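Input: a single structure, listed below in structure tokens.
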Amino acid sequence: MHAYRTTSGERILLRGVRRDMAVSEKALVLFSGGQDSTTCLAWALERYDEVETLGFEYGQRHAIEMKCRPNVLRAIRDKVPRWGERLGEDHLVDLSVLGEVSDTALTRDVEIAMGENGLPTTFVPGRNLVFLTFAGIVAYRRGFKHLVAGMCETDYSGYPDCREATLKAFQAAMNLGMGTHFVLHTPLMWIDKADSWALAEQLGGRDLVRVIIEETHTCYLGERLKRHSWGYGCGTCPACELRFKGWKSYSKSGQETAVG
Ligand code: ZN
């Protein structure tokens, strides 16, 4: 039995996911077109009657994730029809200013390596805080209570803005600053990449696992030509390594049944 917690500390057993738990509330999902945010989107679609998605353009070195986003949404509507009617508007916010002021391997042609400060050069300082602020602004306008995001402290890339402590503090600051009662959910916070694959299968079956393999993008180098059992990518960058490692462990555990 796997378990994970939301940032509010709610502990949920994955195998205990029940559709009738869904309440008539609305959720906004931070959705990049990658594996993690796609799994979070499925998590939200299983729980809430109305789910909208939010993406950011910020001068990513490779805009492939942005190209994958509409394909993932289309595939989810096609493959998991019960979610199709809950899946609403997709919002895109232009944050190119973030690329202008930060100098990292995700926004510039800089080598992916460990920086002198102990953080990888893929770290865009403040990125998730900026994303969440804009998510709050969009949710406020739309009258949504729940924000869902894919930050994770397990299999951790070392980004301090993915930590639960950061996000709990941010939720409090945002609610104080906006006069709101947003609940920030991070369903992947305490599960590893193998459990993320398992969670996807539990939520949307093998169809959703196939959507993640075929349509999502995680590779830092933007490689879409090499197809592996776990999806597309260069196979060697830190994001590909993590995705592969999780897939291998998920496959070995026997939960995956000849999807790839
Ligand atoms: Zn890669």
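For the reader, a short list of remarks on this structure follows.
- For the stretch 21-218: relative contact order, % (alpha-carbon pairs under 8 angstrom, 6 or more apart): 28 percent
- Peptides 87-97, 199-209 ordered by average Cβ neighbours within 10 Å, highest first: 199-209, 87-97
- Per residue, the average separation of C-alpha pairs within less than 8 Å and at least 6 apart gives the stretch 189-260 a relative contact order of 35 percent.
- Greater than 27 Å apart at Cα, pairs in Lys79/Lys252; Lys26/Lys226; Lys168/Lys248; Lys67/Lys245; Lys67/Lys252: Lys26/Lys226; Lys168/Lys248; Lys67/Lys252
- FRET efficiency for Arg77 and Ile137, using Cβ-Cβ distance with R0 set to 25 Å, rounded to 0.05: 0.40
Taken together, the values in this text are just the output of simple stated rules run on the coordinates, not laboratory data. What you see is a predicted model; the values in this text were computed from it and never measured. Note: ideal-geometry Cβ built from the backbone for every residue, glycine included; neighbour counts use all protein chains shown.
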